[in-house]
Amino acid sequence: MNEILKKLDRPVLTRFDVPYPAALIFNAGVTKYNGQYVMLFRNDYGSFEEQRLDGTNIGLATSADGIHWTVAPKPCFALKTDEIERVYDPRLTVIDGVCYVCAAVDTKHGICGGIFRTEDFTTFDLLSLSTPDNRNMVLFPEKVGGLYTRLERPMPVYSRRHRDRFDIWFGQSPDLRFWGNHKLVMGVEDVPFANDKIGPAAPPVKTEKGWLTTFHAVNLDPDRGKNGWEAKWTKSYTAGVMLLDLDDPSRIVGKYSEPLLFCDQDYEEEDGFRKSTVFPGGMILEDSGEVKFYYGASDTVECLATADVNDLIRLCLEGK
Ligand code: BMA
């Protein structure tokens, strides 16, 4: 484990905490909203025992301390239309008192990034849907230069020689519907621990020294073979951390050159669907300076790690 990170000694949410059919609980978005912690988690349901997955919905959990969670009696969100097949991997950002949810949206014509608006976690209004393929996006918690701002990760297969050479991009919008000002933030070749693709992870938090944000990094090892209960899982997902310029978040101020977060605890991988996988979807900066990272582990359970914000900033500034 990275020495500045403290992990809880168990997952923070698993299928056993969920009062409806649930198999894999992971990749949650977390925020503080109206005085409590709110989590939207991905639930791939089916049968864990039979290692069978039938579908995906999104569950809601709330907490007073960010550690002990109560799951609402029913899933709160699943979307199927003639065109949309499923919504997953929610990331939450509160802007001016309204909660926005960025999520991956599988459609019949490609995978898109959706931005939804909710005030009650019961109804979710779709504000915008990207063109495919672009499934990973996160919103900044305030406008930058008068515009809503996001990090995103298009998936250009054809032009990248049919390999997963995916990078992190920047975009802005006057209204969360029309997006432009696109710029490259970081290429996969700039991350020494990724040989495959990178992308945003949890939405950024604001610090005095810049926007602190995590990103996911994928390492491909074709020889890895069966690594979990999926038939063949040859990837490993770790998470890095970087600091972006406050006024121009398309510019990197500092970046830690090693992974910040990776699987190294038994409870992260036990009976795991896809081992060697972490995916942070929620990051909260507390007034005390503690940063909470919520992350899916092995695409099976949701976990929590904490670190001091100044240690994280130091890592980014020294690790460039
Ligand atoms: C990505 C997404 C994530 C998942 C990750 C690792 O492509 O499907 O939801 O956590 O793969 O399996």
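The values are calculated or read from the model by the stated rules, or taken from the named source; none is laboratory data. Keep in mind that what you see is a predicted model, and the values were worked out from it rather than measured. As a convention, Cβ positions derive from the backbone with ideal geometry for all residues, glycine included, and neighbour counts pool all protein chains shown.
Structure values in brief
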| quantity | calculated |
| --- | --- |
| Criterion: buried (at least 16 other Cβ atoms within 10 Å of the Cβ) and among the acidic types (Asp, Glu) - qualifying residue of ASP96, ASP120, ASP89 | ASP89 |
| Residue count for segment 137-173, restricted to those that are under 30 Å from ASN219 (Cβ atoms) and either charged (D, E, K, R) or not in a loop (DSSP other than H, G, I, E, B) (or both) | 20 |
| Failed item, numbered, when LEU176 is tested on (1) outside any loop (DSSP other than H, G, I, E, B); (2) more than 18 Å from the chain's Cα centre (by Cα) | (1) |
| Answer from LEU53, LEU40, LEU92 - the residue that is farther than 20 Å from THR214 by Cβ, modelled with pLDDT of 95 or more and in a strand (DSSP E or B) | LEU53 |
| Residues that are assigned to a strand (DSSP E or B) and more than 16 Å from the ligand (Cβ to nearest atom), drawn from segment 74-89 | ILE84 |
| Out of LEU212, LEU246, sole residue that is more than 26 Å from LEU24 (Cβ to Cβ) and either part of a loop (DSSP other than H, G, I, E, B) or within 16 Å of the ligand (Cβ to nearest atom) (or both) | LEU246 |
| Top-ranked residue of segment 5-53 - restricted to ones that are more than 15 Å from the ligand (Cβ to nearest atom) and β-branched (Val, Ile, Thr), ranked as surrounded by the fewest Cβ atoms within 10 Å (Cβ to Cβ) | THR14 |
| Among the residues listed as TYR267, TYR237, the single one being of a type outside the set (A, V, I, L, M), more than 14 Å from the ligand (Cβ to nearest atom) and outside any loop (DSSP other than H, G, I, E, B) | TYR267 |
| Answer residue from segment 270-296, given it is in a strand (DSSP E or B), closer than 30 Å to GLU50 by Cα and out of contact with any Lys or Arg (no Cβ under 9 Å at 6 or more places or on another chain) and is farthest from the ligand (Cβ to nearest atom) among those | TYR294 |
